[in-house]
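First up is the structure itself, then whatever we jot down about it.
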Amino acid sequence: MKLLLLSNSTNAGEEYFSWPQKEIQSFLGRFSVTALFIPYAAVTFSFDEYEAKVEARFSEWGHHVKSIHHAWDPVREIEKAEVIIVGGGNTWQLVRLLHEQGLMEPIQKKVRAGTYYIGWSAGSNIACPTMRTTNDMPVVDPLGFDTLGVIPFQINPHYLDVHPEGFGGETREMRIQEFIEANPNVYVLGLREATLLRREDNSLQLVGPQTARLFKKGETARELSSEDDLSFLLDYAPAIPYY
């Protein structure tokens, strides 16, 4: 499998897709491709707007996207796709629309067969076995929490260590601790912004200037850097299903 899973698309103060540009170009290669784009995580703007925004950036690099929302047969478009790109936004809506249209399994099959996959934020979250480590508000019923499962562990995108002064709610780490308490056999990787995961078959690499924070019940949370081999996470499969 070939996966590029980004925590975020854009850093504050930078142009759209500025920080991961070189990694995306390297991942796609030097020959032009037209990727199938899935914009379903967009809630406050249209799918047409989302497609246009991504196309404008990718076309600068010699690549193009076409959105699945134009297709009369979305499953057929997935079956033909050379590259699948899933944009960020609200994970709950993204998962609902994929379940509603019966697209989760076709995407899973294509990616497992070798079709390149790029996702950011919500698009990275659905590469996991479930969507249950998303940060997003449940604006819709997702019709089930199961997602693609093209990686066997969970990602928490946009992972933050910050606990603002005067904030009385739970930190991100506390929320993840709740998850692993309820799901003791599951690894959760807190993926900080300006970092991504690149999977090449049985190899998994963290790319970016920041570390990622790894959680599992019974283990001390630890920091992993781009110097570490994360491939062990691909070998691990929970002994029992998630609760």
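The values are calculated or read from the model by the stated rules, or taken from the named source; none is laboratory data. Predicted model, so just to flag it, every value in this text is computed and none were measured. Ideal geometry is used to build each Cβ from the backbone, glycine not excepted, and the neighbour counts take in all protein chains shown. To get the accessible areas, we keep the full protein, side chains included, count just its heavy atoms, and leave off ligands, DNA and RNA. Shrake-Rupley method; radii C 1.70, N 1.55, O 1.52, S 1.80 Å.
Quick notes
- Test result for K110, free of Cβ contacts under 8 Å to residues at least 40 places away in the same chain, part of a helix (DSSP H, G or I) and within 19 Å of Q25 (Cβ to Cβ): no
- Taken as a whole, the structure leaves T91 outside the set of residues that are closer than 17 Å to L191 by Cα, open to solvent by less than 10 Å² (accessible area, probe 1.4 Å) and out of contact with any helix residue (DSSP H, G or I) (no Cβ under 6 Å at 6 or more places or on another chain).
- Exclusive hit being open to solvent by 50 Å² or more (accessible area, probe 1.4 Å) and under 27 Å from T211 (Cβ atoms), set E105, E170: E170
For (1) modelled with pLDDT under 95; (2) among the aromatic types (F, W, Y); (3) more than 27 Å from Y116 (Cβ to Cβ); (4) open to solvent by less than 20 Å² (accessible area, probe 1.4 Å), each residue gets a yes or a no:
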{"residue": "H158", "(1), (2), (3), (4)": "no, no, no, no"}
{"residue": "I180", "(1), (2), (3), (4)": "no, no, yes, yes"}
{"residue": "L233", "(1), (2), (3), (4)": "no, no, no, yes"}
{"residue": "A239", "(1), (2), (3), (4)": "yes, no, yes, no"}
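- When the range 30-53 is limited to residues that are surrounded by 21 or more Cβ atoms within 10 Å (Cβ to Cβ) and among the hydrophobic types (A, V, I, L, M, F, W, C), the one that is nearest to L94 (Cα to Cα) turns out to be A41.
- Within the range 79-109, the set of residues being hydrophobic (A, V, I, L, M, F, W, C) and within 14 Å of T134 (Cα to Cα) comprises W92, L94, V95.
- Scanning the range 204-222 for residues that are of a type outside the set (V, I, T), open to solvent by 30 Å² or more (accessible area, probe 1.4 Å) and over 20 Å from the mean Cα position of the chain (by Cα) yields K217, G218, E219, R222.
- One residue from F31, F58 being among the aromatic types (F, W, Y), at pLDDT below 95 and either part of a helix (DSSP H, G or I) or within 22 Å of R199 (Cβ to Cβ) (or both): F31
- All positions within the range 59-78 that are out of contact with any Phe, Trp or Tyr (no Cβ under 8 Å at 6 or more places or on another chain), hydrophobic (A, V, I, L, M, F, W, C) and over 25 Å from T133 (Cβ atoms): W61, A71, W72, V75
- Being within 19 Å of I151 (Cβ to Cβ) and assigned to a helix (DSSP H, G or I) is a property that does not hold for I84.
- The condition (being under 26 Å from K217 (Cα atoms), open to solvent by 60 Å² or more (accessible area, probe 1.4 Å) and at pLDDT 95 or above) is satisfied by just one residue among F145, F153: F145.
- Qualifying positions in the range 93-124 - in contact with a Pro (Cβ under 7 Å, 6 or more places away or on another chain) and under 19 Å from V83 (Cβ atoms): L103, S121, S124
- Among residues of the range 117-142 that are on the phi < 0 side of the Ramachandran plot and open to solvent by 30 Å² or more (accessible area, probe 1.4 Å), those with a Cβ under 7 angstrom from a residue that is in a loop (DSSP other than H, G, I, E, B) and at pLDDT below 95, sequence gap 6+ or separate chain, pair up as P129/Y242.
- Candidates A113, A56, filtered to the one that is open to solvent by 50 Å² or more (accessible area, probe 1.4 Å), under 20 Å from E15 (Cα atoms) and not hydroxyl-bearing (S, T, Y): A56
This table checks each residue for (1) part of a strand (DSSP E or B); (2) closer than 28 Å to P138 by Cα; (3) in contact (Cβ under 8 Å) with a residue 12 or more places away in the chain.
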residue: L4; (1), (2), (3): yes, yes, yes
residue: Q25; (1), (2), (3): no, no, yes
residue: Y40; (1), (2), (3): no, yes, yes
residue: E51; (1), (2), (3): no, yes, yes
residue: V75; (1), (2), (3): no, yes, yes
